[in-house]
């Protein structure tokens, strides 16, 4: 976190707006306000601290709910009068229990493919770690790499067959199955989506 508090432009009340985003998906979780002290505590503890304008006091996100936010980075804008705070959330950001304070269906339903793949990757990671009963994903991890590879092969073949169908729907369904099993494979081998993005970016550049 390369942010210098003394260079920031706080408003007349000593506050600066902080846009909190999920570091993995870049989903906007909330808009809050910080003063110099809460920002300093955020940087020091690597968890979000804000200034409550209604209570006129500092508050540590998740102090009572347990829904803390581990801070990955704090980035000021070009004018130094607003912040983006990238976090790894340990639960909902909103007091209503919603993941985001901007969780209106007209917004969340428009998530791009990249966001959905990021969310799926994290869910598959959770299944690998927790291994819940009656979970197909946990079953694949329990069976091991050979089973996962077999499923990737099967879904690849089914995608090829579906591509020869005159209707599009079977192809859409099979590609979706293939993407899911590929993500299971990536998680099993410890490969991140960021690594895939990096490789694709290098190829685009060349």
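The values are calculated or read from the model by the stated rules, or taken from the named source; none is laboratory data. Just so it is clear, the structure is predicted and the values come from calculations on it, not from any experiment. All Cβ positions, even for glycine, are placed from backbone atoms using ideal geometry, and neighbour counts span all protein chains on display.
Values for this structure:
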quantity	calculated
Complete set of residues in segment 4-19 that are more than 20 Å from residue 56 (Cα to Cα) and crowded, with 17+ Cβ neighbours inside 10 Å	8
Only listed residue being surrounded by fewer than 17 Cβ atoms within 10 Å (Cβ to Cβ) and modelled with pLDDT under 90, chosen from 25, 45, 108	108
Residues being touching a residue at least 40 places away in the same chain (Cβ under 8 Å) and either surrounded by fewer than 19 Cβ atoms within 10 Å (Cβ to Cβ) or over 26 Å from residue 119 (Cα atoms) (or both) - total across segment 54-75	3
Subset of segment 52-66 [within 15 Å of residue 85 (Cβ to Cβ) and part of a loop (DSSP other than H, G, I, E, B)]	61, 62
Helices (runs of 4 or more DSSP H) wholly inside segment 85-199 containing at least 1 residues that are under 30 Å from residue 49 (Cβ atoms)	105-108, 113-130
Among (1) over 22 Å from residue 96 (Cβ atoms); (2) within 17 Å of the chain's Cα centre (by Cα); (3) buried (at least 18 other Cβ atoms within 10 Å of the Cβ), the one test that residue 35 misses	(2)
